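Nothing in this text is a laboratory measurement; each read-out follows from the coordinates by a stated rule. Only a predicted model underlies this, so the values are computations on that prediction, with no experimental measurement involved. Using ideal geometry, Cβ is built from the backbone for each residue, glycine included, and neighbour counts are taken over all protein chains shown.
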Amino acid sequence: MSDTSVQRDSIFDDASGLVAIGEIEGAVVLYRRCVALDPQFADGWHALGMSLLKTGNIKEAIGAGMMATTLRPNDLLAWTALSQMYVKNGQIAEAEDAKGKARILSLGGRVVK
């Protein structure tokens, strides 16, 4: 494991601890650091998106959610979260599309081969 991965994972754990105690704004700052250190870190993008959604930063949450689904296109949780983000933003067609992808995955299918 590289030094960057170790540092990223430590920051991610600290951010997740902040979420657990309701310090969402602080978690957002740390999740941003995670994805800055490792832009390919799908879990970081997912967690950032969910935290941004909780703070009301919906458009930015959608961007983070899209990164998570781009990096991990067969991740059921990422598509479900993205669907929720789209609903909050009133983007019903996009929400239905993301929900459809989540449904495919929940039935054992794949979005990307």
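List, in order, the whole-Hz ³J(HN,Hα) value for each residue of segment 98-105 obtained from phi through the Karplus relation with A = 6.51, B = -1.76, C = 1.60 and θ = phi - 60°; use x for Gly and Pro.
Ordered by residue, 3J(HN,Hα) equals 5, 5, x, 5, 4, 5, 4, 5 Hz.
Under unit Cβ charges (Lys, Arg +1; Asp, Glu -1), what dipole magnitude, rounded to 20 debye, does segment 3-106 have relative to its Cα centre? Don't jump to the answer; show the numbers that get you there.
Values: 10 positive and 13 negative charges, 72 e Å.
That gives a dipole near 340 debye.
Whole-Hz Karplus ³J(HN,Hα) for segment 44-49, in order, using 6.51 cos²θ - 1.76 cosθ + 1.60 and θ = phi - 60°, x for Gly and Pro?
x, 5, 4, 5, 4, x
Using +1 at the Cβ of each Lys and Arg and -1 at the Cβ of each Asp and Glu in the chain, identify which of MET85, LEU105, GLY17 lies farthest towards the dipole's positive end.
Projecting each Cα onto the dipole axis, the largest value belongs to LEU105.
What shape does the chain take by its C-alpha gyration tensor, where a ≥ b ≥ c are the square roots of the eigenvalues and a/c under 1.5 counts as rounded, a/b above b/c as prolate, and the rest as oblate? Show your work: numbers first, answer last.
Numbers: a/c = 2.32, a/b = 1.39, b/c = 1.67.
Oblate, because a/c is 1.5 or more while a/b does not exceed b/c.
Could you order peptides 57-63, 15-21 by the average number of other Cβ atoms within 10 Å of their residues, highest first? Intermediate results must be reported in sequence, preceding the final value.
Values: 57-63: 17.4, 15-21: 15.3.
Output ranking for 57-63, 15-21: 57-63, 15-21.
If r is the Cβ-Cβ distance from ASN57 to LYS113 and R0 is 30 Å, what FRET efficiency results, to the nearest 0.05?
Details: r = 33 Å, r/R0 = 1.11.
Calculated transfer efficiency: 0.35.
So what are the ³J(HN,Hα) numbers for segment 63-73, from phi and the Karplus equation (6.51, -1.76, 1.60; θ = phi - 60°), rounded to whole Hz, Gly and Pro as x?
After applying 6.51 cos²θ - 1.76 cosθ + 1.60, I find x, 5, x, 5, 4, 4, 6, 5, 6, 9, x Hz.
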